[in-house]
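The values are calculated or read from the model by the stated rules, or taken from the named source; none is laboratory data. Nothing here was measured: the structure is a model prediction, and the numbers come from that model. Reconstructed Cβ throughout: ideal geometry from the backbone, glycine too, with neighbour counts over all protein chains shown. These area figures cover heavy atoms from the full protein model, side chains too; ligands, DNA and RNA do not enter into them. Shrake-Rupley method; radii C 1.70, N 1.55, O 1.52, S 1.80 Å.
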Amino acid sequence: MKQLERKRNSLSAKIFRSTLLGSVILGLVAMAVGFGLYTYALMQQYISQAFNLSRNAKAIVEKVADAQDLVSETMSIYRSLSDEERSTQGSDEYQSRFEEITRKEEYETIRSVLYDFLESSDVYAVYLAVYDKDTSAMVYIADGEYDENAVSLPGEWSHVEMKGLEKFLNWDGTGRLYDIGNTQDYGWLCTSGVPLYNSNDGVFVLTDVSLANVIAGMNNFVLQYFIAILIVIIVFCCLMTRSFNKKVTKPVNAIAGAAEEYVQDKLENSEQSGHFEKL
């Protein structure tokens, strides 16, 4: 047997390969479990942040402005439109229908409050909106965004799945209210909120968290965890192999060597002895 083959099939090499395989399997299992726990904890963190921000924003809005007239006027105009007219949202004609609302003092006051909460956090959006069951839509009243290219103006709307809509409208006030969904315009979002004035008329202060932040956090976690697991596996395998060589391989090789010398001496009728005594 060639020296390379003997080395490859040696007891030490087999132990190293077995230890490495076991460590890799254990590392992958540990990474999967850790990834799941980290993802769950990260999601809960974002949900809690969004819900608490909505609750705090709601408390301020209720103190500094009367949003009920603003909501009533916006929804009155919205519900008076036909489906065809609603489909033209974003056009100058559509926005002109709600232009008077944007001039109201209450509107700017509410926007200012929502903007302060938006700027002081890393959430995607903070806004006041109404869940309208008749049209399966969420109708914007005021948005904390001041970027003209991103702001949602009064009367603009987004389609909402009935399951998510009923989740908000039927909330009993316990736990944290949120819904996760894939939107056509903004991708995967987690929307959390609380009803304004604790009413059940569908008016909510809402906060959106983009799941892109969650995905970015998960990617960083996987990379760091993989590097850490790889280092631990390499160190563990080296230490285990070194310990096994010292405690098992070397004594076995010494016994094998002594036995080989003993057999050789017997074949040569040599009277030399003490092959095993030195062990």
Practice task
Kindly sort Ser82, Ser76 by accessible area of their heavy atoms, largest first, with the probe set to 1.4 Å.
Solution key: Ser76, Ser82
Exercise for the section: Would you work out which of Tyr262, Ser136, Ala150 lies farthest towards the positive end of the dipole of the chain, given +1 charges on the beta-carbon of Lys and Arg and -1 on that of Asp and Glu, about the Cα centre? Expected result: Tyr262
Fill in the blank from the handout: Rounded to whole angstrom, the alpha-carbon centroid of segment 12-50 lies from that of segment 94-151 at a distance of 42
Fill in the blank from the handout: Given 205-212, 106-113, 15-22, the highest-first ranking by average Cβ count within 10 Å works out to 205-212, 106-113, 15-22
Fill in the blank from the handout: Out of Met162, Tyr197, Ser121 - ranked by how far each Cα lies towards the positive end of the dipole of segment 116-215, with unit charges on the beta-carbon of charged residues - the top one is Met162
Problem - Derived scalar couplings ³J(HN,Hα) [segment 61-66; Karplus, 6.51 cos²θ - 1.76 cosθ + 1.60; whole Hz; x for Gly, Pro] - result: 4, 5, 7, 9, 8, 9
Completion exercise
Calc'd 3J(HN,Hα), segment 134-144, phi into Karplus 6.51 cos²θ - 1.76 cosθ + 1.60 (θ = phi - 60°), Hz, glycine/Pro = x, comes to 5, 10, 6, 9, 9, 9, 6, 10, 8, 10, x
Practice task
Specify the residue with the greatest mean-square fluctuation among Lys58, Lys163, Lys246, computed from a Gaussian network of the chain linking alpha-carbon atoms under 10 Å apart.
Solution key: Lys246
Problem - GNM flexibility winner over the chain from Glu85, Glu105, Glu260 (Cα, springs under 10 Å) - result: Glu260
Handout entry: Two-decimal Rg/Rh across the chain, once Rg and the Kirkwood Rh are taken from alpha-carbon atoms
Key = 1.43
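Hey, what did segment 1-134 get for relative contact order, percent, Cα under 8 Å, at least 6 apart?
22
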Fill in the blank from the handout: Karplus ³J(HN,Hα) for segment 92-97 (6.51 cos²θ - 1.76 cosθ + 1.60, θ = phi - 60°; Hz, whole; x = Gly/Pro) runs 4, 5, 5, 5, 5, 5
Exercise for the section: Note down the magnitude of the dipole of the chain about its Cα centre, charges +1 on Lys and Arg C-beta and -1 on Asp and Glu C-beta and zero elsewhere, to the nearest 20 debye. Expected result: 3000
Completion exercise
Expressed per residue, the solvent accessible area of segment 149-248 in Å² (1.4 Å probe) is about 59
Fill in the blank from the handout: Pseudo-spin-label distance Asn56 to Gln224, built 7 Å along Cα→Cβ, given in nm, is 2.4
Problem - Residue with peak Gaussian network fluctuation, the chain [Cα springs, cutoff 10 Å], from Val61, Val126, Val24 - result: Val24
Practice task
Could you check how much of the accessible area of the chain is carbon and sulfur, as a whole percent, using a 1.4 Å probe?
Solution key: 54
